[in-house]
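Colleague: Sharing a structure, written as structure tokens. Questions coming.
The values are calculated or read from the model by the stated rules, or taken from the named source; none is laboratory data. What you are looking at is a predicted structure, and each value in this text was computed from that prediction instead of being measured. All Cβ positions, glycine included, derive from the backbone under ideal geometry; neighbour counts span all protein chains shown. Remember, those area values only see protein heavy atoms, side chains included, never the ligands or the DNA or RNA. Shrake-Rupley method; radii C 1.70, N 1.55, O 1.52, S 1.80 Å.
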Amino acid sequence: MLTDGEPGHWQYLLSLFAADDVIWIGGIHSSGKPEHADRFRTRAEWLSEPMAPAQFVCPAVFKPGVFARSNENILARRFLVVESDELTKDEVGGVFRWLRDGVGMKLRAIVDTAGKSLHGWFDFPPADQLDDLKLVLPELGCDPKLFTASQPVRLPGAARDGRYQRLVWLENGGAR
């Protein structure tokens, strides 16, 4: 478990992206207007910030020069994040294990949201596997909204209600 330096956990998570990937980090409504263009930066640009810039990140990467976190502006889907507000942390951990060991998906990180859930970051699956997951995961109690390419998720290292969202596990190896 990663416990030290929780305010810096966001930097570890961003290491999963390539240096020139354009990543959105912001608040839920930090999108859609020209003044939100600064919410879309490369990994290298984000890493110049001294602390987590906001509570949310998008697991997909965007086209350069955009200011709206929309599916039309997605360049590539790097990760599928799996989470549940219905299951306990232990139960969703079982889903992560099944996806990794039973399905063969590559688990890259687990984020504790400083709430009641965990987010499992997996490499984005091929289309045929994604279709199956769209059927199975909601039946297991996982959130189907996370199949939306532009859906934001919790960024570790950001404070939420006086506690840090944090990484509890990160695959060794860094950038893709």
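Colleague: With r as the distance between the Cβ atoms of residue 71 and residue 103 and R0 = 35 Å, compute the FRET efficiency 1/(1 + (r/R0)^6) and round to 0.05.
Modeller: 0.90
Colleague: Which lysines have a Cα lying under 25 Å from the Cα of residue 89, excluding residues fewer than 8 positions away in the same chain?
Modeller: 106, 116, 134, 145
Colleague: Also, quick follow-up: At q = 0.15 Å⁻¹, work out log10 I(q)/I(0) for the range 118-176 with the Debye formula, treating every Cα as an identical point scatterer and leaving solvent out; two decimals please.
Modeller: -0.62
Colleague: Using per-residue counts of other Cβ atoms within 10 Å, averaged over each peptide, order 145-151, 24-30, 47-53 from highest down.
Modeller: 24-30, 145-151, 47-53
Colleague: State in Å² the accessible area per residue of the range 68-140; use a 1.4 Å probe, count heavy atoms of protein chains only, and round to the nearest integer.
Modeller: Value returned for the range 68-140: 49 Å² of accessible area per residue.
Colleague: Viscosity 1.567 mPa s, temperature 4 °C: Stokes-Einstein D of the range 50-176 from its Kirkwood Cα radius, in µm² per second?
Modeller: 85 µm²/s
Colleague: Across 10 Å bins from 0, what is the distribution of all Cα-Cα pair distances for the range 28-87, in whole percents?
Modeller: 20, 49, 26, 5
Colleague: Give me Rg over Rh for the range 1-53, both radii from the alpha carbons and Rh done the Kirkwood way, two decimal places.
Modeller: 1.00
Colleague: Turning to a different aspect of this structure: Among 140, 157, 68, whose Cα lies farthest out toward the positive end of the dipole of the chain, if unit charges sit on the beta carbon of Lys, Arg (+1) and Asp, Glu (-1)?
Modeller: Farthest towards the positive pole: 68.
Colleague: Let me ask something else. When the helix-only estimate is applied to the chain (DSSP H runs of n ≥ 4, each -39,500 (n - 2.57), divided by the residue count), what is the mean residue ellipticity at 222 nm, nearest 500 deg cm²/dmol?
Modeller: Helix contribution divided over all residues of the chain: -5000 deg cm²/dmol.
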